[in-house]
1. Could you work out, residue by residue across A:44-51, how many beta carbons of other chains sit within 10 Å of that residue's beta carbon, and then give the average as an integer?
2. Could you tell me the convex hull volume per residue, in Å³, taken over the Cα atoms of segment B:9-93?
3. Per 0.36 nm of contour for each residue apart, how much would the distance between B:SER77 and B:GLU26 grow if the chain were fully extended, relative to their Cα-Cα spacing?
4. What ranking, highest mean first, results for peptides A:5-17, A:102-114 when packing means the other Cβ atoms within 10 Å averaged over each residue?
5. What value does the protein assembly as shown have for Rg/Rh, both radii from Cα atoms and Rh as Kirkwood defines it?
6. In terms of solvent-accessible area of protein heavy atoms at a 1.4 angstrom probe, what is the ranking of B:LEU101, B:LEU82, highest value first?
7. Would you calculate the separation in nanometres between label points at A:LEU47 and A:SER80, each defined as 7 Å from the Cα along the Cα-to-beta-carbon direction?
8. Out of segment A:1-55, which trypsin sites (Lys or Arg not before Pro) are coil in DSSP terms and have no more than 13 other C-beta atoms within 10 Å?
Amino acid sequence: AQTVTQSQPEMSVQEAETVTLSCTYDTSESDYYLFWYKQPPSRQMILVIRQEAYKQQNATENRFSVNFQKAAKSFSLKISDSQLGDAAMYFCAYDNFGNEKLTFGTGTRLTIIP
Amino acid sequence: SQTIHQWPATLVQPVGSPLSLECTVEGTSNPNLYWYRQAAGRGLQLLFYSVGIGQISSEVPQNLSASRPQDRQFILSSKKLLLSDSGFYLCAWRRGQDEKLFFGSGTQLSVL
């Protein structure tokens, strides 16, 4: 079974600085998708970014980018120019190609220091 | 555009009482539907998913059940709630395999 590990339960960053959240996963598959979801205090789960494993290019969405290292099974999220609204729980998720369900990590709570 | 509705937002129930949480999706047909539970400060645990009407897959043996009576309706139920059923329940949908997952706003269930 696939597993997703987020080894940083909590992180903090100064406003306007850059922070990187770590995620590793375990799989024997070659085709899959990886996601980062954000859960702010409202508890609404919001998709931040999606990466297809067959793409070598790292996905980016404005201030959010990933560092996808397929051989190392690593999928980190970099947030540039951190803003107060970025404060949230961040979940990494794995989706095996052709599978019906996503596997989530345990999350990293990100605090933004004004 | 597609929207997902989940209700109620909060619910306080006594131990041993029944439960019914409802989730509906608008603007799409034949979605894959999911129920997740999130314990306080924890990650998401997949409870049930459905790829079609009447088709329910259970991930974790528990005191809960799910049903899909209509294409875009997904219901989470219990006949008798336990204290351990407390948590934040999230409904989610996506068009199919390998697609993005979209979440409802969640239900905070407190069993007392």
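The values are calculated or read from the model by the stated rules, or taken from the named source; none is laboratory data. Keep in mind that this is a model prediction, so the values were computed, not measured. Because the Cβ atoms are built from the backbone with ideal geometry, glycine has one as well, and the counts that use them run over all protein chains shown. We work out accessible area using only protein heavy atoms, side chains counted, and drop any ligands, DNA or RNA first. Shrake-Rupley method; radii C 1.70, N 1.55, O 1.52, S 1.80 Å.
1. Partner Cβ neighbours, averaged per residue: 3.
2. Spread over its residues, the Cα hull of segment B:9-93 gives 94 Å³ apiece.
3. Working: separation 51, 0.36 × 51 = 18.36 nm, distance 2.14 nm.
Result for the pair: 16.2 nm of gain on full extension.
4. Values: A:5-17: 13.2, A:102-114: 18.4.
My ranking of the peptides, most packed first, is A:102-114, A:5-17.
5. Rg divided by Rh gives 0.97.
6. Final ranking, largest accessible area leading: B:LEU82, B:LEU101.
7. A separation of 2.3 nm, rounded to one decimal place.
8. Loop-located and lightly packed - A:LYS55.
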